[in-house]
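**Q** Right, I'll just put the structure down here and ask away after.
Every number here is computed from the coordinates shown, using simple stated rules; none is lab data. What you are looking at is a predicted structure, and each value in this text was computed from that prediction instead of being measured. When we count neighbours, we look across all protein chains shown, and the Cβ atoms used for this are built from the backbone with ideal geometry, even at glycine.
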Ligand code: GUN
């Protein structure tokens, strides 16, 4: 069984980017600059944003964190977005999701300048991705594609079952896996909470991408011998025995599923770090287009 190591792959790719930054950003050329907007105090969002800022430092980017309370109005958030759009020093930025319920996520996405939309959530970028045109791809699916690519996992003609249909992961990874690309060219089934005979569908998968947000949902009797399993889930499980009182588990029952697979991502240390590396790659693209 091959462990698809997102920590190792990320550090290799980040070093490659760091080399490009050092070579390119000398004399009068400033470094790439990513901004992150964090609303409220959702603990998971705080961790993700902290890791994104840390990754910027690792590769030599400048970064800016804009933190506002959950009571922010939509107008105030739109004003922040306008100032980021207008700021020539900012190459790309993200608005960390989820947003408080009183804020219209779609309106926020629409306000982001597509050229700075390094999350790839603006309909312009999402549409271009669906058409197979160059654009920013959402970070998690892009990170998965980078991981499959680096490990040379064969996807051509394979049956890929995507569990979950979110805008952030399920829908875009299904699109990317079905495109005539390498990796890609797969036959894709999108399954979700309303899917009948889910177990049987999973049993017919060469590749399973689990992005449901349900801890250890994928059990060993759902997985064919020799399948490739990509686990996007990051769930906290009570664990009185550990120092923090919890441990992180994915959407896959890793201990029982892993021995059956050809390759599998661990949680943590699989898709998570790749997501951030994809964001770093997108920020490089947003920056480099200008020079
Ligand atoms: N929340 C969960 N994943 C993501 C992501 O990739 N980008 C943003 N902005 N928010 C998220």
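**Q** Can you work out D for the range 39-103 in µm² s⁻¹ from Stokes-Einstein, where Rh is the Kirkwood radius over C-alpha pairs, the temperature is 10 °C and the viscosity is 1.306 mPa s?
**A** For these conditions, the coefficient is 123 µm²/s.
**Q** Same structure again: Can you figure out the FRET efficiency of residue 82 with residue 31, using R₀ = 30 Å and their beta-carbon distance, to the nearest 0.05?
**A** Given R0 = 30 Å and the Cβ-Cβ separation, E is 0.80.
**Q** Moving on. Rounded to the nearest 500, what is the chain's calculated 222 nm mean residue ellipticity when only DSSP H runs of at least 4 contribute -39500 (n - 2.57) each, over all residues?
**A** Computed ellipticity for the chain at 222 nm equals -12000 deg cm²/dmol.
**Q** Right, here's the next one. Suppose the chain between residue 22 and residue 130 were pulled fully straight at 0.36 nm per residue; how much longer would it get relative to their current alpha carbon spacing?
**A** Residue separation times 0.36 nm, minus the Cα-Cα distance, leaves 35.5 nm.
**Q** Please list 26-36, 236-246, 40-50 highest first by mean number of surrounding beta-carbon atoms within 10 Å per residue.
**A** 26-36, 40-50, 236-246
**Q** Between residue 224 and residue 97, what is the label-point separation in nm under the 7 Å Cα-to-beta-carbon projection?
**A** 3.1 nm
**Q** Take the Cα of residue 11, step 7 Å along the line toward its Cβ, and report every residue of the range 37-53 whose backbone nitrogen sits under 19 Å from that point.
**A** 51-53
**Q** Now for a separate question. Apply 1/(1 + (r/R0)^6) to the Cβ-Cβ distance of residue 115 and residue 192, taking R0 = 22 Å, and write down the FRET efficiency to the nearest 0.05.
**A** 0.10
**Q** Then there's this: Measuring from the lowest to the highest alpha carbon on each principal axis, how far does the chain reach, largest first, in angstroms?
**A** 55, 41, 40 Å, listed from the longest principal axis down.
**Q** Where in the range 62-89 does the label zone of residue 104 land, with the point 7 angstrom along Cα→C-beta and an amide N cut-off under 13 Å?
**A** Flagged as within label range: 74-75, 78.
**Q** Sorted by packing (mean other beta-carbon atoms within 10 Å per residue), highest first, where do 109-122, 151-164 land?
**A** By packing density, highest mean first, the sequence is 109-122, 151-164.
**Q** Work out how much length residue 70 to residue 288 would gain on full extension: take 0.36 nm times their residue separation and subtract the Cα-Cα distance, in nm to one decimal.
**A** So the extension gain works out to 75.1 nm.
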